[in-house]
Amino acid sequence: MTFRPVYAVLTLVAVTLLTTGCGDPVPDDYTPQVSIEAILTVDEPITNIRLYRSVALTDSFSYRNATIRSAELTITASDGTTHVLEFVEDSTGGYYRSPDTAYRITPQVKYDLVARAEGSTLTSTTTAPPRIEWTKTVGDTVFYPGRDKELDPSISDPYKVFWTRPEGYSEYMIAMTCLDTLNYGTFLTPPTDEKNNRIRDSEFDDDTPLGKERTRAAYTVSTGVFSWSAFKWFGQHELTVYCGDRNFINWFKQVTFTRQYNTNLSSVVGGLGTFSSVSKVSKVFFLKKNAP
């Protein structure tokens, strides 16, 4: 699993924030800036690093048109490896990756980034967090109790999830992703042709660009969490907890809480965006419509 599905909501918000300032007038002579979205994941390859040029509020935005394809990106790791990234085209514009696809991000290794694009040089540093593990997670099937019982702790508390907390890391992101918004009966035993549906019609992200986003993400400082409001659909889901470095936590707070880009919290010198790293733990399960 790559970051793209989980961070679709973050990317959408972040890119639109690149030209937004609190109370600032719309400039007549806007100068585009280079923005990088680079989140390294422990035990995964260096991949899915994206470069964009920002656009003025008066212009329409397109991922494909904003993608920068001819940049020079290098990541140097404290484990002695150097990665000169290559560009890969995809349906949304394209991304950069290390040609060494066997290499995996290593916990507590420092990674230095240098990106040269369109006359700008962007630099940043991140240190990959330690691994985290489940100490208690949900089973393979979760039974939805009905809306009238969502606040009943005797029903929800047994589903609370817990994970290890590395020393020095006290803030986390937890995300719920519906893996299949169309099919439901396919995952039943025996299978049926029953289609999936939302838990509550038009209640989640109604009339917003995020209405069809399959992931809901939240910030937490504690383990032992579970909420029925994390679900938009029934069916197959993936629950993921991310333990991020300070760069990641600052980025997540901006695009989630304030929805404004704050240069004082930026981890990138010479441009916009984020260069950060996370470790994660995931669990795939099925949300069943009717409790037994």
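The values are calculated or read from the model by the stated rules, or taken from the named source; none is laboratory data. As the structure is a prediction and not an experimental result, all values here were calculated from the model. We place every Cβ from the backbone using ideal geometry, glycine too, and count neighbours over all the protein chains shown. Only protein heavy atoms, including side chains, enter the accessible area calculation; ligands, DNA and RNA are left aside. Shrake-Rupley method; radii C 1.70, N 1.55, O 1.52, S 1.80 Å.
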Counting only heavy atoms of the protein chains, get the accessible area per residue of the chain (1.4 Å probe) and round it to a whole Å² value.
48 Å²
Among 136/212; 160/232; 160/283; 160/289; 149/253, which pairs are too far apart, with a Cα-Cα distance over 21 Å?
136/212; 149/253
May I have the convex hull volume per residue, in Å³, for the Cα set of the chain?
155 Å³
So how far apart, in nm, are the two label points at residue 86 and residue 226 if each is 7 Å from Cα heading toward Cβ?
4.6 nm
Can you pull the one-decimal nm distance between simple spin-label points at residue 290 and residue 60, each 7 Å off the Cα toward Cβ?
4.7 nm
Counting only protein heavy atoms, what percent of the accessible surface of the chain is carbon or sulfur at a 1.4 Å probe?
50 percent
Once you've got the GNM for the chain with C-alpha springs shorter than 10 Å, pick whichever of 192, 126, 220 has the biggest mean-square fluctuation.
192
Longest principal axis of the chain (C-alpha) makes with the long axis of helix 3-17 (C-alpha) an angle, in degrees to the nearest 10, of 60 degrees
How high is the FRET efficiency from residue 127 to residue 101, r the C-beta distance, R0 25 Å, rounded to 0.05?
0.65
